[in-house]
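None of the figures in this text is laboratory data; all of them are computed from the coordinates on show. This structure is a prediction, so every number in the text was calculated from the model and none was measured. So basically every Cβ, Gly included, is an ideal-geometry build from the backbone, and we count neighbours across all protein chains shown.
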Amino acid sequence: MYKSTENARCQLPVMWRAFLFSFIRRKIVLSVIFGCSLTYCIVSFLLISPRRTDTWRAPRKLDHSAFVWMSAEVDLNNSIDLSCRNTVQGREYIADDRGYICQRDDLLANNCCGTTEKRYVCDTCNADGCCVLYEHCVSCCLNPNKRKLLQTVLGKASETFRVLFSAINNHFELCLAKCRTSSQSVQHENAYLKPNKHCYTTADKIP
């Protein structure tokens, strides 16, 4: 009986030591795992952050130096070899990339309006640069005397429009994009505040 008690007393410290060593080992293993994870996160952050910094770009300043503006020279070229781009969508009128407007039925085979047609038409446009007809907006916008005004518009464009305008490289494409229905002219989704809904500037006057 006495020997059994002594054996139990002797085994007790051994069990506690084993438990303590096991506990310490677990702590060490967990600490090592945590340390490795923390190190990995720090290294990953340091390596990835510069890439993210390089990827992010400040709002780009539009480069007008490569932009092709409408020439102020009189264009009387009616050659069939000439090919034009035009507004396409009009049911009644078409405006070509030289600023001429014609009825759809009078459009030439080369997609141009004849040079005997009206050019740089602003008939339905108001002083703010907003027009009733899309074709009038594009034609009026193409007038070389609108260049300075359009450059001001480009300079004041929001970041969203800067992304759009960065893909545009000539006067005609700019007018096509600008003359789409202005969001500022719409009330209750599809009800227009004003009939002059196609603007080559903005809905507000530009100082």
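Calculate, in nm to one decimal, what V132 and L38 gain on full extension: separation in residues at 0.36 nm each, minus their alpha carbon distance. Write down the numbers at each step before the final one.
On the way: separation 94, 0.36 × 94 = 33.84 nm, distance 6.33 nm.
That pair, V132 and L38, stretches by 27.5 nm at full extension.
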Just grab the label-to-label distance for S22 and K148, each label 7 Å out from Cα along the Cβ direction, in nm (one decimal).
8.9 nm
Listed peptides 169-180, 32-43 by packing density, highest first (mean Cβ within 10 Å):
169-180, 32-43
Whole-Hz couplings from phi, Karplus 6.51/-1.76/1.60, listed for segment 173-180; x for Gly and Pro:
4, 5, 5, 4, 5, 5, 7, 4
